[in-house]
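What follows is a set of notes on a single structure, which appears directly below.
What follows draws every value from the coordinates through simple rules; no lab data is involved. Since the model is a prediction, treat every value here as computed from it, not as a measurement. Ideal geometry is used to build each Cβ from the backbone, glycine not excepted, and the neighbour counts take in all protein chains shown.
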Protein chains: 2
Amino acid sequence: MNITIIGLGLMGGSMAIDLRKRNFAKKIFGVDSDILHAETAKNIGLVDEIVDLETGINSADLIILATPVDATINMLPNIMNKIDSQIITDVCSTKYKICELIKEHPKRKNFVASHPMAGTEYSGPWAAISHLYDGKSTIICNKEESSNIAIKVVEDLYGALNMRIIHMDAKSHDVHAAYVSHISHISSFALALTVLEKEKDEKHIFNMAGGGFRSTVRLAKSSSDMWTPIFNQNSENIIDVLDTYISKLQEFKERISNNSKEEINTMILDANKIKRIIS
Amino acid sequence: MNITIIGLGLMGGSMAIDLRKRNFAKKIFGVDSDILHAETAKNIGLVDEIVDLETGINSADLIILATPVDATINMLPNIMNKIDSQIITDVCSTKYKICELIKEHPKRKNFVASHPMAGTEYSGPWAAISHLYDGKSTIICNKEESSNIAIKVVEDLYGALNMRIIHMDAKSHDVHAAYVSHISHISSFALALTVLEKEKDEKHIFNMAGGGFRSTVRLAKSSSDMWTPIFNQNSENIIDVLDTYISKLQEFKERISNNSKEEINTMILDANKIKRIIS
């Protein structure tokens, strides 16, 4: 199968590596508006050829749109205007507005809304790695709006990436993504900002940061190009969960101020219940 | 050297493993008020012998107090009343109140206040592992209040554990520990509580949790026996940094509500600066 990947960063680049290795892709065309990214992707062998968008669309059986959600929303209707029988999928972390946007498009059935839930805190073609997707989940949304053949091709794609496929409607997806992914990123960005503001002497951060701090602050290295539009797209759900998060922190603060040991203990024991789910 | 470890959990147990392997300890005596912990530590070979506190004190050249900070504060003056030339150190995450407590004790010079900054989210003798301390930092506080020989023995101890030694006064230690360690734990406990409250269907957490959520929520598995007393001991510094943390989250919330993309972008780029320090 000929594949065109639009957006040659961590997500698109990592797909390219394993789709080629596992013989799912015969030829991979790459499209990226950033010349440095495009050239790097070609030089390190992620793609066979860098092409313009028009050529990319025309040369592919399957188009993977692996750009941040704002760029995806900008480009998707135009690409769908130009396709014939090509199948197209995206990898964005928010799904509702994308699905609404192209709901009535005559080529709607050629599109599969998907969210492979994998990543690292790094970005760009340099960050692309093999096995990024192995064993993780991918969410396919509003399956009934796509044709059976489009669903089959995209499920095969994620099968080749060793992903577990989950179906969900786009609206629910965005609610759950806010809970288990988007809030983690805000929590981590805010932690980095806090520590950088409070700890004027960076030497102390370097010297004293143990594994705990490193692990909670890891996501704070994530790309603003990717995350600003996600926060914008999913603002309602994110604000809802952020309110709960802030209120939990305020509860901690109050109980610590009042020296309410019993109550702090109870909160920690309740938090420990996450062990049941995340081993 | 004969060593008595009081408190046979993750910290004390992991020390026991490497101090024996690396021939720093000739014989290791264990003391634990929890019979199950004591028996387990003996059965899995962490210690040579389980003894009562009195025997533990009398049999040791070096006593390592590896209990939560409230228990340490309870026991330390009594142990110091009973020692002769034995050297004693602790491993607590807060240092100021401990140092104040025994400041005028006639055996003050035999005590070294230390905080090896290592750990995992697990606890108990079952959680003890080799190499826990390798390559991490340990903070020794108020060095001038200990005798030279006590400092030498404790620095050799941490040398055997392959730790980097940093000196700091106890008050500064507690400020910096609040910034780079204690706040991370609160951030993570609150995240677990939030997700458990919002996401009623635990299946979704299990299915959708990627590496990002796992890494930010990891510390939420930490022991309440250890953390409740830390929050209590270091409440002033923790509340100060918690205030900043909550205000950063509120800034995010406001900017997301107002759809201020430029400003969200700036906050994320500022948070990204943590990369300079934590690779």
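For a straight C-alpha distance cut-off of 18 angstrom, the lysines reachable from A:Lys82 (same-chain residues fewer than eight places away being disregarded) are A:Lys103, A:Lys107, A:Lys109. Across peptide B:132-143, the mean count of Cβ atoms from other chains lying within 10 Å of each residue's own Cβ comes to 1.
Overall form of the protein assembly as shown: prolate. Here a/c, set by the Cα gyration tensor axes a ≥ b ≥ c, is 1.5 or more, and a/b is the larger of a/b and b/c. Between the alpha-carbon centres of the stretch A:205-279 and the stretch B:252-275 there is a gap of 17 Å. To the nearest ten degrees, helix B:10-21 and the longest principal axis of the Cα atoms of chain B are 50 degrees apart. Summarising the label geometry, the points placed 7 Å from Cα in the beta-carbon direction at B:Asp243 and A:Lys273 lie 3.2 nm from one another. Partner shielding of B:252-259 amounts to 6, given as the average count of beta-carbon atoms from other chains within 10 Å of each residue beta-carbon. Counting 0.36 nm for each residue step from B:Glu251 to B:Asp156 and taking away their Cα separation leaves a gain of 29.5 nm. The DSSP beta bridges internal to the stretch B:2-169 are antiparallel in roughly 15% of cases.
Summary of the geometry: the stretch B:122-157 and the stretch B:7-34, compared by the centres of their Cα atoms, lie 12 Å apart.
Here the Gaussian network model covers chain B, with springs between Cα atoms less than 10 Å apart; of B:Ser222, B:Ser123, B:Ser247, B:Ser247 fluctuates the most. If a paramagnetic tag sat 7 Å from the Cα of A:His167 along the Cα-Cβ line, which residues of the stretch B:186-210 would have the backbone N under 20 Å from that point? Residues passing the 20 Å test: B:203-205, B:207-208.
Summing Cβ point charges (Lys, Arg +1; Asp, Glu -1) relative to the Cα centre of the stretch B:2-169 gives a dipole of roughly 440 debye. Under a Gaussian network description of chain B, with springs only between Cα atoms under 10 Å, the residue in B:Leu36, B:Leu196, B:Leu269 that fluctuates furthest is B:Leu269. Comparing A:Tyr133, A:Tyr245, A:Tyr96 in a Gaussian network model of chain A (Cα springs below 10 Å), the most mobile by mean-square fluctuation is A:Tyr245.
Per residue of peptide A:117-129, the mean number of Cβ atoms on other chains within 10 Å of the residue Cβ is 2. A dipole drawn for chain B from +1 and -1 charges on Cβ atoms has a positive end, and of B:Ile256, B:Met75, B:Gly124 the residue lying farthest that way is B:Ile256.
Computed across the stretch A:2-169, the Kirkwood radius stands at 15.5 Å (inverse of mean 1/r, all Cα pairs).
Considering only DSSP beta bridges where both residues belong to the protein assembly as shown, give the percentage that are antiparallel (nearest 5).
About 15 percent, rounded to the nearest 5.
Placing dummy labels 7 Å off each Cα toward the beta-carbon, the span from B:Phe206 to B:Lys26 is 5.4 nm.
Classify the stretch B:137-279 from the C-alpha gyration tensor, please: rounded if a/c falls under 1.5, else prolate or oblate depending on whether a/b exceeds b/c.
Values: a/c = 2.24, a/b = 1.79, b/c = 1.25.
Verdict is prolate for the stretch B:137-279.
What you get for the stretch B:173-276, charging only the Cβ of Lys and Arg (+1) and of Asp and Glu (-1), is a dipole of about 520 debye around the Cα centre.
Pairs of lysine residues in the stretch A:173-276 that meet both criteria, 8 or more places apart or on different chains and Cα atoms under 29 Å apart, total 21.
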